[in-house]
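Read-outs: derived from the displayed coordinates by stated rules, not from any lab. Every value quoted in this text rests on a predicted model; they were computed, and no experiment measured them. In this analysis, Cβ positions are derived from the backbone assuming ideal geometry, glycine residues included, and neighbour counts consider all displayed protein chains.
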Amino acid sequence: MASIAVAVDHDRAPQQSRSRETQARIVRAAETLFAERGYDGASVQDITMRARCSVGSFYARFKDKESLFLHIHDHHCTELLQRMAFLCDLFEAENSRLEVVVHQIVRALFVFAGKRRTLTRVFMQRSADDPAFQARYATVWKQVQDLLQAALLRRRGEINRPEPARAIAFTLQCLHGLWANDVLHYPTHEITGQITGEALAAEATEACLAWLGVVRKR
């Protein structure tokens, strides 16, 4: 499997089973509250109340709310990277055609975001306001992009463009934009009329294949 690298965890690594259970409750409570209220709307007291633990238990495991937020972001990113790496390994094992690779990449990204859309939106919003967090976000997406670009380049013979690497880079840039659109605008899609969810994933697949010059067999 491809190498995975994200920021170092910010928790204080509880060793005993009960301590790990307490930390898991804190993390689950924080994920829910950050998703519901955003970063600024969730206090340490709110998190500990939702987790049914003391403030002291919180600070025994995390330095502050920021370190907990970064811990959650790290695990979120690690899961995404692991999924993409697993897919890329599967493509190689099965010698998948380009059309299959593109379809599975798009679906994996949209399914991943769809299961945690509100929390992903909080990450994106934080990235827009905080240069340091934006750098974290960019680093992770670059790792995802590198994995996907390598998988697509191995199928350059199926890409009907004069510069396959450039076509792939542009395709991934467009895919990221569509994926971010789905995350950010899903709550207002009925007002704005923007395509989201499964429909957007299907359109994104067709757009990526078209740009790479793949002719679909009907």
Estimated vicinal HN-Hα couplings, Hz - the stretch 85-94 in sequence order (Karplus 6.51, -1.76, 1.60; Gly, Pro = x): 5, 4, 4, 4, 5, 5, 4, 6, 5, 9
Residue-normalised 222 nm signal for the chain, counting each DSSP H run of n ≥ 4 as -39,500 (n - 2.57), nearest 500 deg cm²/dmol, is -24000 deg cm²/dmol
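Per residue, how big is the convex hull around the C-alpha atoms of the chain? Give it to me in cubic angstrom, could you? Show your work: numbers first, answer last.
Details: hull volume 30.8 nm³, N = 218.
Expressed per residue, the convex hull around the Cα atoms of the chain is 141 Å³.
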What residues qualify as long-range amide H neighbours of Arg116, i.e. H under 5 Å apart, gap of 5 or more or another chain, H built at 1.01 Å from N? none
Applied in sequence order to the stretch 154-167, the curve 6.51 cos²θ - 1.76 cosθ + 1.60 (Karplus, θ = phi - 60°) yields integer Hz couplings, x standing for Gly and Pro, of 5, 10, 4, x, 9, 8, 9, 9, x, 10, x, 4, 5, 5
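Going by average Cβ neighbours within 10 Å, how do the peptides 68-76, 109-117 rank, with the highest at the top? Spell out each step's value before the answer.
Working: 68-76: 20.3, 109-117: 17.4.
Sorting 68-76, 109-117 by mean packing, highest first, produces 68-76, 109-117.
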Which one of Ala167, Ala199, Ala35 has the biggest mean-square fluctuation once the chain is modelled by GNM with Cα springs under 10 Å? Ala199
Scalar couplings 3J(HN,Hα) for the stretch 107-120 by Karplus 6.51 cos²θ - 1.76 cosθ + 1.60 (θ = phi - 60°), nearest whole Hz, x for Gly and Pro, are 4, 4, 5, 6, 5, 4, 5, x, 6, 9, 4, 5, 5, 4
